[in-house]
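Please read the structure below before turning to the comments.
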Amino acid sequence: MPTQSLLERCRAGDQGAWRSLVDAYAGLVYAVARAHRLPADVCDDVAQNSFAALAANIHRVQSDLAVAAWLRTTATRESWRAGKKLRRSAGAGPEDQGAESAAEAELEEIEEHQRLRRAMERLDERCRRLLSALYFTSHGESYDGISARLGLPRGSIGPTRQRCLQRLCELFVGDDAG
Amino acid sequence: MDERALITSWVMGELSQAEAARAAALEAARPDLAQLAAGLRATAAALGRAARVRSGFEVSGEALERLYGLGPRQGAGARVARAVAGAAALVMARLRADSWSAGALTPAVRGEDGSRRVVYESGGAVIDVRIDPSLARLRAYECVGCVQGVGAQRVVWTELDSGAEHLCELEADGFFEVRVRPGRHRIDVHTPAGVISTPDLWHPPEQAP
């Protein structure tokens, strides 16, 4: 379902649409908070404040890309604020430059991963399942395991992966350009 | 193998030395294939990082449930939106304890039969609420709450399904009382620094989706 209509339904108070929006973007918001090395309960606060702010400002957000960017900016701002408060209460000084650069590098990876997820969502199911099995598991799965699980002949996995990777590349790079 | 497939196989490291040399020559000579190779390398690199980065995206079911309760609503949610638009800081309180879901190991919050105790916190503020079936009215609940750790100026209890708002009188020690109907509820505590708002609360709990 396009996010534009999801946003419209959220504005109209549709709780199902709001749940879908949360499902789509909660991971992004938590990843941003975690990149700032915040404790788990503070990450919860950052997520709650970010989504509460989105609910209050949802009439200003126009599109799927805008939702992701809006939440990323808000969660980053909330994380800075929470980190500053934590350091102040612990009597610590300002964050050192090394930690700040590490957080920024991690935020870039998060942004890249979000684009990758969007591109994956636009793949056909066969490609999505194959690439998820190959790359989205920390251990990686053997061709035999993938063949059995996805019902693909073992010999077709290589060519299918090649085709799927080309298609993913078009979507991933295209999203970057757009 | 066509040229695009050759470049793809090359980026994936699947070619013999002779085939790789041909792919390298193609990349150097053809801008369109050089662009494809660059895109494929970026995509493969992102996929290579996916498993590690993806773990940062994981969200527990409990955390999702809290976020589901924050959705905008026609009418009832407008007040909180106004508070935000009016530059009053809006902070969401976190659910610390709920006797309905508390297990046997947390008797302090379990409460008596038919009653429910819910505790929220935000920074140093604690919002502690007890909900009992009303003896005076069928299908109604008597709620007694206490706000501590913050200079609460007023408490607004909203029945979100109907949009009914109760402005609760605050006693000096932070206590307030209100009678509500079954459904979805939200408590807003107004302080000099802004509004502390609770995630939606379903009572009785079996009404929750």
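The values are calculated or read from the model by the stated rules, or taken from the named source; none is laboratory data. These figures come from a predicted structure and were not determined experimentally. Every residue, glycine among them, receives a Cβ derived from its backbone with ideal geometry; neighbour counts consider all protein chains shown.
Applying the set (1) small (Gly, Ala, Ser); (2) assigned to a loop (DSSP other than H, G, I, E, B); (3) at pLDDT 90 or above to B:ALA23 leaves exactly one unmet item: (2). Between a residue in segment A:43-59 that is more than 7 Å from chain B (Cβ to nearest Cβ) and more than 14 Å from A:GLN15 (Cα to Cα) and any residue that is crowded, with 22+ Cβ neighbours inside 10 Å and among the small types (Gly, Ala, Ser), which pairs come within a Cβ distance under 6 Å, given they are 6 or more apart or on different chains? These pairs meet every condition: A:CYS43/A:ALA33; A:VAL46/A:ALA33; A:VAL46/A:ALA75; A:VAL46/A:SER79; A:SER50/A:ALA75.
From the list A:GLY140, A:GLY93, the one residue that fits, being at pLDDT below 85 and within 14 Å of chain B (Cβ to nearest Cβ), is A:GLY140. For segment A:1-17, the criterion of a residue being assigned by TED's automatic domain parsing to the domain that holds A:SER79, over 20 Å from A:GLY83 (Cβ atoms) and touching a Phe, Trp or Tyr at 6+ places or on another chain (Cβ under 7 Å) is satisfied by at least one position. If you filter segment B:54-96 down to residues that are in a helix (DSSP H, G or I) and surrounded by fewer than 15 Cβ atoms within 10 Å (Cβ to Cβ), you find that the one that is modelled with the lowest pLDDT is B:ALA85. The requirement of being more than 20 Å from the chain's Cα centre (by Cα), aromatic (Phe, Trp, Tyr), closer than 18 Å to B:ALA125 by Cβ and surrounded by fewer than 20 Cβ atoms within 10 Å (Cβ to Cβ) is fulfilled somewhere in segment B:171-179, by at least one residue.
Scanning segment A:113-137 for residues that are free of Cβ contacts under 8 Å to residues at least 12 places away in the same chain, under 16 Å from A:GLN162 (Cα atoms) and within 12 Å of another protein chain (Cβ to nearest Cβ) gives a single hit, A:TYR135.
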